[in-house]
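The values are calculated or read from the model by the stated rules, or taken from the named source; none is laboratory data. Quick caveat: nothing in here was measured; it's all calculated off a predicted structure. Please note: Cβ atoms are built from the backbone with ideal geometry, for glycine as well, and neighbour counts cover all protein chains shown. Side chains included, ligands, DNA and RNA excluded: accessible areas come from the protein's heavy atoms. Shrake-Rupley method; radii C 1.70, N 1.55, O 1.52, S 1.80 Å.
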Amino acid sequence: MTSNDPAHPFDSAQSAPEGLALALDLGTGSVKVGLVTAGGELVRQASRPYAATSPSPGWAETDPAAWWAGVVGAVQEVLAGLDPARVRAVGLSGQMHGVVLVDAGGHPLRPAVLWSDTRSAAELTLFSALDPSVLARLGNPPVAGMAGPTLLWLRQHEPAQLQAARWALQPKDWLRFYLTGEVATDPSDASGTLLYDLVGGCWSEEVLEVLGISPAVLPPVLAPDAVAGRLLPAAASELGLPAGIPIVTGAADTAAALYGSGLLPGEAQLTVGTGAQVVVRAAVLPPPHPSLHVFREAEGVGCYTLAAIQNAGLVLEWVRRTLRLTWPECYAAAQEIDAQVDAGPLPIFLPYLTGDRTPHLDPHARAAWVGLNAAHDHRHMARAAFEGVALSIAQAAELLPLTPGQALFLAGGGTVDPWWRQLLADCLGRELHAVATPGASVLGAARLAWAGIGVERPPTRPEVTAVIVPQVGRISAERHWAFRAAYRAG
């Protein structure tokens, strides 16, 4: 991939052999920032958390001002003591599916609606008016939280806000607009909106016409490594950087992570964070599946098939708070029950705190402990919660084109505890190869930044730090059946 941007003083990597790329990964609960060399070494990193709010049941929002405050704090931390002129380019990645309504100047008109938001469930029926052949070209089943259904909800319930909007942007695209004053998106994020034709590689005119969404609010689609703009003086001043640094389009967080970690076509990876994703890379566009997602990658015309588990770290954090435990206490409580041979029947935990995507596509599903009795306490509830998340991941993974016995690479900040890793492997019934790719999305965003100014390098293959072999029979077939039956009974 090459940049379409004309020559500029910042673009000459050879003039600064010690140059760095600045990568910004705008996640759901925090922004992660890294400085990465042209060779792919992450030399500094920092993060800043921010909160999502839920003004009504099923809603999930964040004020973009909180995103920007986090970006400023984290960038200033990684730059401390360094010559900011060493930063040669900026790369971006970010959470998918959200909607940020902005005016012509990039100012948000309301809080951003996030991917985990389920308010648009009723609007999904409007997609049934699409011709099946047109719907198939979207590559994704209609689910609440994607940009298309969210825009339909805004049209119905907040028409004045939508009419006042000049642009409807994805989260990372809002951040780039704030940095550069230029509007764009990339194929990986566009393919997660339910408004993008994956086959044609463009916004779908048929879908927009049937749904009544104006194409004028959607940004142009550029290559992930194209220079989409340059750092404005005002933003540069807040960040402590020189104005004019090239900023590439960037990619959605999962696409950036795949680009940064070097997964090959046919290989699969489980990432556990706020949600969880099981991803299989594909060289060509696969046929549509009623419960799986297909998104464009950050390079070439490849794609990846994704089983999206909406509740992983998100619901475990809720369980921890609800049981009034610290994270070490929560792990210890669950493991204490695990070690007891006479623990008795465990409750089943349904983890669907914010609905479910793969495999149920049910925005109305909810979390519950099923089968509690007077002998159960917080330890049993904690143990069941971890197992419920793992069983949910296993159920979703069954729909993917995985070969028998195929191992999964294991990544994500929610997979560092050895006991939890083992439980995941036991529920999945597959080997898990834990990889040392902290901040894979950051590394992918940085690699795109370097490519944007002409510095190409081959991907770094995942470094396996541990192999987790499933313990046969630890999680019985009856336990899997009971988990599924509990959802059906609800």
Six or more apart or on different chains, Cβ under 6 Å: which pairs go from a residue in the stretch 367-381 that's at pLDDT below 95 to one that's open to solvent by 60 Å² or more (accessible area, probe 1.4 Å) and of a type in the set (A, V, I, L, M)? Could you list them? none
Check Gly139 against each of (1) in contact with a helix residue (DSSP H, G or I) (Cβ under 9 Å, 6 or more places away or on another chain); (2) surrounded by 22 or more Cβ atoms within 10 Å (Cβ to Cβ) and name the one condition it does not meet. (1)
Residues of the stretch 45-94 satisfying the condition of being in contact with a Leu (Cβ under 7 Å, 6 or more places away or on another chain), assigned to a loop (DSSP other than H, G, I, E, B) and open to solvent by 20 Å² or more (accessible area, probe 1.4 Å): Ala52
In the stretch 257-309, which residue that is out of contact with any Leu (no Cβ under 9 Å at 6 or more places or on another chain) and in a strand (DSSP E or B) is least open to solvent (accessible area, probe 1.4 Å)? Ile309
For residues that are polar (S, T, N, Q) and open to solvent by 40 Å² or more (accessible area, probe 1.4 Å), scanning just the stretch 201-238, find the one that is modelled with the lowest pLDDT. Ser214
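In this structure, is Val199 in a loop (DSSP other than H, G, I, E, B) and farther than 30 Å from Val389 by Cβ? Give the derivation first.
On the way: in a loop (DSSP other than H, G, I, E, B): yes; farther than 30 Å from Val389 by Cβ: yes.
The answer is yes for Val199.
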Subset tally (residues that are assigned to a helix (DSSP H, G or I), under 20 Å from Tyr196 (Cβ atoms) and of a type outside the set (D, E, K, R)) for the stretch 104-146: 11
Considering only residues that are closer than 27 Å to Leu391 by Cβ, buried (at least 24 other Cβ atoms within 10 Å of the Cβ) and aliphatic (A, V, I, L, M), which ones fall in the stretch 433-461? Ala440
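Which residues, counting only those in the stretch 152-196, are assigned to a helix (DSSP H, G or I), under 19 Å from the mean Cα position of the chain (by Cα) and not hydroxyl-bearing (Ser, Thr, Tyr)? Steps first, answer last, please.
Filtering the stretch 152-196 for residues assigned to a helix (DSSP H, G or I) gives 152-157, 159-164, 171-180, 187-190.
Still in the running and under 19 Å from the mean Cα position of the chain (by Cα): 171-176, 187-190.
Answer for the stretch 152-196, where residues must be assigned to a helix (DSSP H, G or I), under 19 Å from the mean Cα position of the chain (by Cα) and not hydroxyl-bearing (Ser, Thr, Tyr): Pro171, Lys172, Asp173, Trp174, Leu175, Arg176, Pro187, Asp189, Ala190.
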Taking the stretch 375-409 and keeping only residues that are open to solvent by 30 Å² or more (accessible area, probe 1.4 Å) and in a helix (DSSP H, G or I), one is left with His378, Arg379, Met381
Of the residues Ala129, Ala184, which single one is hydrophobic (A, V, I, L, M, F, W, C), buried (at least 19 other Cβ atoms within 10 Å of the Cβ) and touching a helix residue (DSSP H, G or I) at 6+ places or on another chain (Cβ under 8 Å)? Ala184
Would you check if Ala251 is open to solvent by less than 10 Å² (accessible area, probe 1.4 Å) and more than 30 Å from Arg379 (Cα to Cα)? yes
